[in-house]
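Quick notes on the structure that follows.
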Amino acid sequence: MRSIWRTLDAALRRDLLAVVLAIGVVGMSFGAIAVASGLPWWMPSVLSLTVFAGGAQFLMVGVVAAGGGLVAAALGALLLNARHLPFGLAVGGILGRGLAARLFGSHLMIDESVAFAMAQRDPARSSAAFWALGTGAYVVWNLGTLVGALAGQGIGDTDAFGLDAAFPAALLALVLPSLRGNPRIRNAALLGAAVALATTPFLPAGVPVLLALTGLVVLIPAPRRTEVAA
């Protein structure tokens, strides 16, 4: 891990630490919300250790708290995490060649680790950013979940503390720099958000997120016209 950390410059280290700390805060909100929803304190920690996917975990807790079964919760989480399939194709080359590295790397494959890895042009920096953020996020997410679950036993209404907004706020902070710097990416994000908002009232949880990928059509380059000599 020390050699990976040395591969990163000071600015990237600072950005990674900021995101990792934010993930820890979101983990605390997840633990508190899960316990306040009626789950035993140990269940959020088990989910964080085995699933490690914030959106899917929030979805599972929401479904169970609303009276849904575990099968429905698991299917919804799998549907929401279907975006990890293209993620795996994008970062598969930087995980390493060994089976253990690929298995553990796929477990650390979250939105933030993939985003930082893809933002690096050098393959070595890309791999280092992925492993540094993924490992750090896994540790603080699980610690945050445990702290939040223990604290959540004494919290009545978690919405009153704004804990329900921690996860979307962290994701928004992650993508804001890209939205400011590139108009095409901003247009793609706006189109995807519009599609997700329009379909959310009518479709099951997770499906609007996948449909939001239609915003990527804005990034498809227009075909070049070839001139035919007269």
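Read-outs throughout are calculated quantities, based only on the coordinates presented, and are distinct from any laboratory measurement. Note that the structure is predicted; figures quoted are calculated from it, not measured. Here the Cβ is made from the backbone with ideal geometry for all residues, glycine too, and neighbour counts use every protein chain on show.
In this simple spin-label approximation, THR50 and LEU103 carry label points 7 Å from Cα along the Cα→Cβ vector, and these lie 1.6 nm apart. Derived scalar couplings between HN and Hα for the range 22-35 equal 4, 5, x, 5, 5, x, 5, 5, 5, x, 5, 5, 4, 5 Hz in order, rounded to whole Hz, by the Karplus curve 6.51 cos²θ - 1.76 cosθ + 1.60 (θ = phi - 60°), x for Gly and Pro.
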